[in-house]
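Student: This is the structure I want to talk about, given as structure tokens.
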Amino acid sequence: AYYRDQMLKAMVRGIKSVEDSDYPVPESLRGVLREYQRVGYCWLKTLDSYGFGGILADDMGLGKTIQIITLLKDAYGTGERQPSLIICPASLVYNWEHEIGRLAPDLLSIVGNGPEREARLESVREQLSGGTGDGCQVLVTSYDLLKRDIRFYEDIHFRYQVIDEAQYIKNAATQSAKAVKAIDVRTRFALTGT
């Protein structure tokens, strides 16, 4: 019991002192992040290091996207092989694709019609099983497309799941919320404006 208490206290201290954490920002993004965005990135890294997901609730326009891209850039720059999935409203899919292309062009994203999406997910599955897939690391889809395509996501284990505009799934009984929860993922992060 004493050991568990000490572990809990250490974890709480680690979460409280996130500003002082030693998580370096990937070199290509060091001059891009503002200080509060660096702290947000460290918050995400800290939660993840303890096995938690979390919520990043910054006001609109403060850079939640860049904080997530920094987290992904760090993960894939240090050898992560499992893909990550970003789910957002349809109106934001191309924004995510543009920002990933601008800030981390080595991270790929997917969009397209049904057969194209299915083929890309099959390629990801092939890559993960040691085949010659296209190296896709980050998949971006909308809530509506995820509901339609949920069967294509079976048997894929994702490293991160990012739920943008998380208020879209606040009602747990909706098909969107059920689809989001059906994904096999290690760490989930929700983004919302306040």
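Student: Skipping prolines and chain starts, which residues have an amide H placed within reach, meaning under 5 Å, of the one on Val185, given they are 5 or more residues away or on another chain?
Tutor: For Val185, the qualifying residues are Phe158.
Student: Here is a further query. Please work out the Cα convex hull volume for the stretch 20-84 and give it in Å³ per residue.
Tutor: In the stretch 20-84, the Cα convex hull volume per residue is 98 Å³.
Student: Enumerate the calculated ³J(HN,Hα) couplings along the stretch 81-98 in order (Karplus 6.51 cos²θ - 1.76 cosθ + 1.60, θ = phi - 60°), each rounded to whole Hz, writing x wherever the residue is Gly or Pro.
Tutor: Values per residue, Gly and Pro as x: 10, 6, x, 10, 10, 10, 10, 8, x, 3, 5, 10, 4, 6, 4, 4, 4, 4 Hz.
Student: In whole Hz, what ³J(HN,Hα) sequence does the stretch 35-51 give by Karplus (6.51, -1.76, 1.60; θ = phi - 60°), x for Gly and Pro?
Tutor: So the J values, rounded to whole Hz, are 4, 5, 6, 4, 5, x, 4, 5, 4, 4, 5, 5, 4, 4, 5, 9, x.
Student: Using the Kirkwood radius over C-alpha pairs as Rh, can you work out the diffusion coefficient of the stretch 122-194 via Stokes-Einstein at 4 °C, viscosity 1.567 mPa s, in µm² per second?
Tutor: Estimated diffusion coefficient is 98 µm²/s.
Student: Based on the mean of other beta carbon atoms within 10 Å per residue, what is the order of 86-98, 64-76, most packed first? Spell out each step's value before the answer.
Tutor: Working: 86-98: 17.2, 64-76: 23.0.
Answer by packing, highest mean first, reads 64-76, 86-98.
Student: In nm², what is the average projected area of the convex hull enclosing the Cα atoms of the stretch 54-194? Let's see the in-between values first.
Tutor: Details: hull surface 31.7 nm².
Over all viewing directions, the stretch 54-194 projects a mean Cα-hull area of 7.9 nm².
Student: So who's got an amide H within less than 5 Å of the one on Val140, skipping anything under 5 residues away but keeping other chains? H placed 1.01 Å off N, in plane.
Tutor: Hits under the 5 Å cutoff: Ile86, Ile110.
Computed from the coordinates by the stated procedures, all read-outs in this text should not be read as laboratory data. Please read these numbers as outputs of a predicted model, since none were measured by experiment. Note that we place each Cβ from the backbone using ideal geometry, even for glycine, and neighbour counts take in every protein chain shown.
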